[in-house]
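Visitor: First the structure, which I've put down as structure tokens, then a few questions once you've had a look.
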Amino acid sequence: MRPRPLVRALAVLGIWLVPILASAQDTKPADVLVSRQLAESEGLTVGNVIRLSTDGAGTHAREFRIAGIYEPTPDPSRLGQVPRAVRLHLPDLLEMTRPADVPAGAEYVSSVNVALTDPRDADQFARDVNARLPGVLALPSGEAAGSAGPFRVLERFHLAIAVVTIIAATVFLLALTIMLVDERRETVGVLRLIGLPVRRILTQILIEGLLVASVGAVFGLILAVLSEQLINYFFQWRYDTALVFVRITRDVALTCVTIAVPLGASATVVASWALLRRGGLRLARR
Amino acid sequence: MNAIGFAWRSMVRQPARAALGILGVAAVGALLFDMLLLSRGLIVSMQDLLDRGGWDVRVSMGELPGSGLRIPDAVETAEAISTLPSVQAALVMRSATAQIDRASGEPLRASFQGVTTRSSDPAGSRLRAPWTILRGRDAEAPDEVVIDEKIASESRLEPGSEITMRASCNADVEALPATRLKVVGVAEFPFQITNESTTGGTLDALRAACGGNAGTEADLILVTSTSDADSTAAAIRTLRPEVRAATNTEVVGRLQQTGFTYFRQISSVLTTVTVSFAVLLITVLLTVSVNQRLGEIAALRALGFSRMRVVKDVLSESALIVGIGGLLSLPLGLLLASGLDRILKGMPGIPVALHFFVFETQALAVHIGLLVATAIIAALYPMRIVSTLPIAATLRDEVIG
């Protein structure tokens, strides 16, 4: 097992931070990384020396030098929480947080990340650790990423909204096509009177419906791509995160086209069918 | 015949078209209604959940209760808080993770909530636990616990049964000896998380279950004030500046700034999209309908119908489609909301009693307002068409055409 050299400070809420001048130090303080959001809110820059303590009173505060400012990895489960975080070397963090009665080396760590020579062994490795070390829970990275849970639920929620939207759109589409077909009643009547069979007229209407639906689907996709950027910009600004909220992938675009085009064409044919059952004379009559 | 009656007859003459228009508005309206319920649903539900317990101030170390930071010397702090004149009662609460052994299969994972049961005064009255007893009685002795319905049904336990629990007060990795506890009641825990089990007992029971490893810390102190909660919270902050005391409204306000905002934002975006969708489609429906009846409208004008009258007819038709569709959207929306609520409650970490969609009169008023605006805006363009319709030219075109 190879522990990560840096450990994210889990909660910076209890760690108070006061920048002081670097020149005042006799010994070189240990290095820390500061999140961009914390650096911006407190006006911190690389090279600043800060004091960190585990309580609000600032007891046993220790000085650290900011070696860098990092962009936190976007974490869906922490959406809405501005990541005001500091990353310390693990020995420094343990030194600060170790209770007085706990000897060095006997502290708890919340987790240990393990990189395997062959990542395909993850399941077997986790089983071995769980069997050999009672009280320790080992999970392959995929299963440990519990934060994906809320987003699977959101995916189902958005799918349900999409289904309702499609139902509403279909109803409106039917109403519109009934009206549009009705408008062309006389034309259809004349076509019937000059001898075109119902099947031929229906094919023509179907092709026309397909064309209109395809153009509509392409227009919808363009609108979606434009709004994708708009929505992402808005939410990234609102939550100060690099998370991507909307992404129009090829699969999403294909799904939309697969639903929209047949739906549009079918609505045209269904609306026309009722009209075509009438006789040519009745249709052409004013 | 008035404008509404005339518009009604126009719709009845084209039943399929009118029915589809109304159904479309009902579906869009249901979605719109749900988005309005969602915009404040979590906040209203959380406020209700917090208020329901009767504790109006929550004292914790972190910005929000449940942040993981613990109050040191919690019982002493609670006793000090109890001495404040505006404080009626202060209850210390500590949580631990626990495993309940089962006759067969994996142990059941649960959380154990330990609370102080008596006020600081030895003769003081018993404090109300933050759970509701459904069967049996509340836990009072250090070897007694109450369990939730989930544990009771899954492990077939009832008041009088005994359980073996391994609780861990400091870290999940502790290996502690098992403790035998007597189940004295089945309770409902207001903040119980979906798919998780909860047990409750006294602070002494929790200490015993943790093998005396609980220390003097606690997660939360719940306070009931005798008067204004804001002034009580301020008094606690003055007394103990190191702790965070927040009223229920303040807790909801803080939640509103963090996790709850996503649903508010998504609801705003979807409300805007839904209303725009409805306006666009009703405009197209009415415009096509009016265009098909231009000759008829011109004839009515020639017969003496005023310009204002034909405009009113179009507006009335829009109002009827949106009005009937809007009425249908309410039961449809409530039905859809219950389904969507079930989906969203599958999210981990959400209390069972919390709801995402909550009915509010304010939401209904906004819904009606938006539908009225939709009916008017959607009718603007077709109203313009009929108001500027040249009577003679239209009639001549109709005859020649």
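Visitor: Scan the range B:356-375 and give yes if some residue there is more than 29 Å from A:Leu154 (Cα to Cα) and not β-branched (Val, Ile, Thr), otherwise no.
Guide: Within the range B:356-375, one or more residues are more than 29 Å from A:Leu154 (Cα to Cα) and not β-branched (Val, Ile, Thr).
Visitor: Could you tell me which residue of the range A:51-68 is farthest from A:Leu38 (Cα to Cα), considering only residues that are away from every other protein chain (no Cβ under 14 Å), surrounded by fewer than 17 Cβ atoms within 10 Å (Cβ to Cβ) and free of Cβ contacts under 8 Å to residues at least 40 places away in the same chain?
Guide: Of everything passing the filter in the range A:51-68, A:His60 is farthest from A:Leu38 (Cα to Cα).
Visitor: Going residue by residue through the range B:257-271, is there one that turns out to be more than 9 Å from every other protein chain (Cβ to nearest Cβ), out of contact with any Leu (no Cβ under 7 Å at 6 or more places or on another chain), buried (at least 20 other Cβ atoms within 10 Å of the Cβ) and farther than 21 Å from B:Ile368 by Cα?
Guide: Scanning the range B:257-271 turns up no residue that is more than 9 Å from every other protein chain (Cβ to nearest Cβ), out of contact with any Leu (no Cβ under 7 Å at 6 or more places or on another chain), buried (at least 20 other Cβ atoms within 10 Å of the Cβ) and farther than 21 Å from B:Ile368 by Cα.
Visitor: Can I ask one more? Using beta carbons and a limit of 6 Å, which pairs, at least six apart or on different chains, have the first residue in the range A:236-247 and closer than 19 Å to A:Leu226 by Cα and within 11 Å of chain B (Cβ to nearest Cβ) and the second one of a type in the set (Phe, Trp, Tyr) and surrounded by 14 or more Cβ atoms within 10 Å (Cβ to Cβ)?
Guide: Note: pairs meeting the criteria are A:Phe245/A:Phe235.
Visitor: Among (1) within 14 Å of chain A (Cβ to nearest Cβ); (2) of a type outside the set (Asp, Glu); (3) within 32 Å of the chain's Cα centre (by Cα), where does B:Gln14 come up short?
Guide: (3)
Visitor: May I pose another question? Can you tell which of B:Leu328, B:Leu370, B:Leu389 is in contact (Cβ under 8 Å) with a residue 12 or more places away in the chain, part of a loop (DSSP other than H, G, I, E, B), out of contact with any Asp or Glu (no Cβ under 6 Å at 6 or more places or on another chain) and aliphatic (A, V, I, L, M)?
Guide: It is B:Leu389.
Visitor: Let me ask something else about it. Given B:Arg237, B:Arg254, B:Arg244, which one is without any contact (Cβ under 8 Å) to a residue 40 or more places away in the chain and either among the basic types (Lys, Arg) or away from chain A (no Cβ under 12 Å) (or both)?
Guide: B:Arg237
Yes/no matrix, rows are residues, columns are (1) surrounded by fewer than 17 Cβ atoms within 10 Å (Cβ to Cβ); (2) not hydrophobic (A, V, I, L, M, F, W, C):
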position	(1), (2)
B:Gly5	yes, yes
B:Ser10	no, yes
B:Pro15	yes, yes
B:Ala18	no, no
B:Ile22	no, no
B:Gly54	yes, yes
B:Arg58	no, yes
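Visitor: To continue, here is another question. Sort out which residues of the range B:17-48 are among the basic types (Lys, Arg) and more than 12 Å from the chain's Cα centre (by Cα), and write them in order of number.
Guide: Matches in the range B:17-48: B:Arg17 only.
Visitor: So, one more: Working carefully through the options B:Thr83, B:Thr77, find the one that is surrounded by fewer than 18 Cβ atoms within 10 Å (Cβ to Cβ), more than 14 Å from every other protein chain (Cβ to nearest Cβ) and among the hydroxyl-bearing types (Ser, Thr, Tyr).
Guide: Going through B:Thr83, B:Thr77 in turn, the sole match is B:Thr83.
Visitor: Continuing with the same structure: Quick check on the range B:296-355: of everything there that is small (Gly, Ala, Ser), at pLDDT below 90 and under 31 Å from the mean Cα position of the chain (by Cα), which residue is farthest from B:Ile385 (Cα to Cα)?
Guide: Ranking the qualifying residues of the range B:296-355, first place goes to B:Gly349.
Visitor: So which of A:Glu183, A:Glu155 is touching a helix residue (DSSP H, G or I) at 6+ places or on another chain (Cβ under 7 Å) and either more than 9 Å from chain B (Cβ to nearest Cβ) or under 30 Å from A:Val270 (Cα atoms) (or both)?
Guide: None of the other options fit; the residue is A:Glu183.
Visitor: Please work out which one of (1) within 41 Å of the chain's Cα centre (by Cα); (2) closer than 24 Å to A:Asp182 by Cα is the condition B:Arg293 fails and give its number.
Guide: Tallying (1) within 41 Å of the chain's Cα centre (by Cα); (2) closer than 24 Å to A:Asp182 by Cα, B:Arg293 fails exactly one: (1).
Visitor: Could you tell me whether the range A:162-173 includes any residue that is surrounded by fewer than 21 Cβ atoms within 10 Å (Cβ to Cβ), in a helix (DSSP H, G or I), more than 9 Å from chain B (Cβ to nearest Cβ) and without any contact (Cβ under 8 Å) to a residue 60 or more places away in the chain?
Guide: Yes, there is a match, as at least one residue in the range A:162-173 is surrounded by fewer than 21 Cβ atoms within 10 Å (Cβ to Cβ), in a helix (DSSP H, G or I), more than 9 Å from chain B (Cβ to nearest Cβ) and without any contact (Cβ under 8 Å) to a residue 60 or more places away in the chain.
Visitor: Given the conditions (1) surrounded by 14 or more Cβ atoms within 10 Å (Cβ to Cβ); (2) at pLDDT below 90, report the number of the one that B:Ser153 does not fulfil.
Guide: Looking at each condition in turn, B:Ser153 falls short on (1).
Visitor: Collect the residues in the range B:209-241 that are charged (D, E, K, R) and closer than 11 Å to B:Ser60 by Cβ, keeping them in residue-number order.
Guide: Correct list: B:Asp219 only.
The values are calculated or read from the model by the stated rules, or taken from the named source; none is laboratory data. Remember, predicted model here, so these are calculated numbers, not experimental data. When we count neighbours, we look across all protein chains shown, and the Cβ atoms used for this are built from the backbone with ideal geometry, even at glycine.
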